Structure formats: C-alpha cells, structure tokens
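The structure under discussion appears below in the form of structure tokens.
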Amino acid sequence: MSCFLCNSSLGKKLVMSITGCGLVLFLLFHMSMNLVALFSAEAYNTICSLLGANWYALVATAGLAALVVLHFVFALILTINNYRARGKQRYAVTANEPGVEWASKNMLVLGVIIVLGLGVHLVHFWSKMMLVELMGAEGSMVAGEFVHATDGAALIAFTFSKWYNVVIYIVWLAALWFHLNHGVWSMVQTAGWANDIWYPRLKCIAKIVSTLVVLGFMAVVVAFFVCSLCGDCATAAACADSCASCTDACCAGHAH
Ligand code: HEM
C-alpha cells in the first residue's frame, strides 16, 4: 500500500487528493468561523478560547500541519517527475494544450504563494494566540498594546487596519481562489468521478466552493479595513462588533 502511494503516479495523486480534501474542509470551517467576527467579537473570542492550547486543538493543529506538508511534498515530487518525463517535449506539449487552464499549469507556483502567505498569516495570528498560550503566557504586546491570547477579534481589527496587510491578504486569497478552483475539480477527478455528465458539473462545483471560501475570507478583510477607516473607532471592540455598537463621534454619519 505504502509502495503504491509513494511509487506510482496515481498513488501520489491520491495522496494529493485526500490531503487536499482535508485542507478544503479546514478552509470551509475556518472561513465560517471567521464570519462570526463580523457579527460579534465576544462570540468569536469564545470560539478562539475553545480552540486554544488544549490537547484536542493541538492534535488538530498537528494533523493540519501534516496535511500541508504531505500535500506540498507530493506536489513537488509529482512536478519534478512530470518535468523529467516530458524532457525537451515539455514546451511543445504546453503550446499544444490551449484548452488547459492557466491555474492547472501553475498549481505549484500558486501553492508556493499560498505557503508563503500562510507563513505571514501564522505570524499575524497563530504566533500571538496558540503559541503564546503554549509558552504559558496570557498574551503579548501588539503595537504597544497588550492583547490577550484569546482576543482573536482584536488581532483581526489590528491586522486589517493596515492597508499593506489588506493588499497582502487580497493577493494571497486570489492565489487561493485559482488554486482551489483547479484543485477541487482535480481532487474529485482523481477519485474517478469525472465522466461526460459530471465533468462540467464538477467544474461548476469547484468554482462555487472556491468562490465561497475566498469571498468569506475576503469579507472579513474588507469589512475590518472599512471599519478602521473611521479613525478612533478602530479600537478592537468597536470594530469587531461590526461597528454596530460603535458610538464614537468619528463614526457619526458613516454607513457601516
Ligand atoms: C483572511 C481571513 C483570515 C482570518 C481573519 C484568519 C484568522 C485566524 C486566526 C485568528 C487564527 C488563530 C487561531 C488560534 O490560534 O486560536 C488563524 C489560524 C490559522 N489560519 Fe487563519 N485566518 C484567515 C485566513 C486563512 C486562510 C486563507 C488560511 C489558509 C490558506 C488560513 C490558515 C490558518 C491556519 C493553518 C491556522 C493555524 C490553525 C491551528 O492553529 O490549528 N487562515 N487564522
């Protein structure tokens, strides 16, 4: 079995497909959880504290890390094998495939952008939440203010009040959209589900899933950035309550 998974091309694709499926499920959960921050900082922080540094959250994080590493390593191996197999033919083959989507030809590059973005993202959030708790601290200093390790809403408000973070996240999420768009379809195709009837349906499902995931994440980025534009009311609590409870004078007249 392990030989089949590691030595055959189909086996490696199956590993990509299974790990990819796990990662998509994580993204759907993570995106849905983040949407809560648009409505209530309190509710969001309650979820964050449930997912703090306890044993089940740690097991889930370790499992998630394993999925990312496996997905990335097998993608690298498959790309190198394809590259070697095609030899000098690779350019001619690419030129003869006008119907092949841009994303499908750039999955590894998109994957690298996603991993780099993930690194930045983990520094923004995970390092100030779970890692801080694992190190036995209550919280950390962020831009001169003490932020509790479970105050995810405050970190979101702070992170997306900076325009350059908004730009970084939008580029990251765009790469994620292209990657998921091809990835979700390819995942099901590897499982042998694609035939003439299901081929267009699966493409459509892949587009819907990737758009839902990316729009959900994007909504949080944009909403918190727009909220931060109203000056002093960019304090975490006011913004994280989606500005509904923001009574600062600077907010008067703004349509939040
Ligand atoms: C743009 C909106 C996003 C926001 C506001 C957000 C927020 C957060 C927060 C608050 C945490 C820390 C949770 C904790 O340690 O308790 C976190 C962790 C994490 N995020 Fe995100 N996230 C976003 C997008 C993404 C995306 C697009 C990905 C993947 C491509 C991602 C992957 C992760 C991972 C892998 C972790 C670590 C999870 C763990 O500790 O088990 N996030 N995120």
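Quick note: the coordinates plus some simple rules give every number you see, no bench work behind them. The shown structure was predicted, so the numbers you read here are calculated from the model rather than taken from an experiment. Note: ideal-geometry Cβ built from the backbone for every residue, glycine included; neighbour counts use all protein chains shown.
If we sort 123-129, 5-11 on the protection proxy, mean other Cβ atoms within 10 Å, highest first, what's the order?
Numbers: 123-129: 17.3, 5-11: 12.3.
Output ranking for 123-129, 5-11: 123-129, 5-11.
Can you compute log10 of I(q)/I(0) for the range 12-251 with the Debye formula, treating each Cα as one identical point scatterer, at q = 0.10 Å⁻¹?
Each listed q maps to, in turn, -0.56.
Cα-Cα over 27 Å: which of LYS128/LYS207; LYS13/LYS207; LYS13/LYS105? Walk me through the intermediate numbers first.
Details: LYS128/LYS207 33 Å; LYS13/LYS207 21 Å; LYS13/LYS105 16 Å.
The answer is LYS128/LYS207.
Assuming 0.36 nm per residue, please report the length gained on full extension of the stretch LEU35 to LEU131 beyond their Cα-Cα distance.
The LEU35-LEU131 span can extend by a further 32.3 nm.
Taking the Cα centre of the range 12-251 as origin and charging only Cβ (+1 Lys, Arg; -1 Asp, Glu), how large is the dipole, in debye to the nearest 20? Numbers along the way, then the final one.
Numbers: 12 positive and 11 negative charges, 313 e Å.
Roughly 1500 debye for the range 12-251.
Expressed in nm to one decimal, what extension gain is obtained for the pair VAL112 and ARG86 from 0.36 nm per residue of sequence separation less their Cα-Cα distance? All intermediate terms of the calculation are to be shown ahead of the outcome.
Details: separation 26, 0.36 × 26 = 9.36 nm, distance 2.22 nm.
So the chain would gain 7.1 nm between VAL112 and ARG86.
Measure off 7 Å from each Cα along the Cα-to-Cβ vector at GLU42 and LEU215, then give the distance between these two points in nanometres to one decimal.
It works out to 3.0 nm between the two label points.
If each of VAL226 and LYS162 carries a label point 7 Å out from its Cα toward its Cβ, how far apart are those two points in nm?
2.3
Would you mind computing, in nm to one decimal, how far apart the modelled labels at MET141 and VAL69 are, each placed 7 Å from Cα along Cα→Cβ?
Here the modelled spin labels are 3.4 nm apart.
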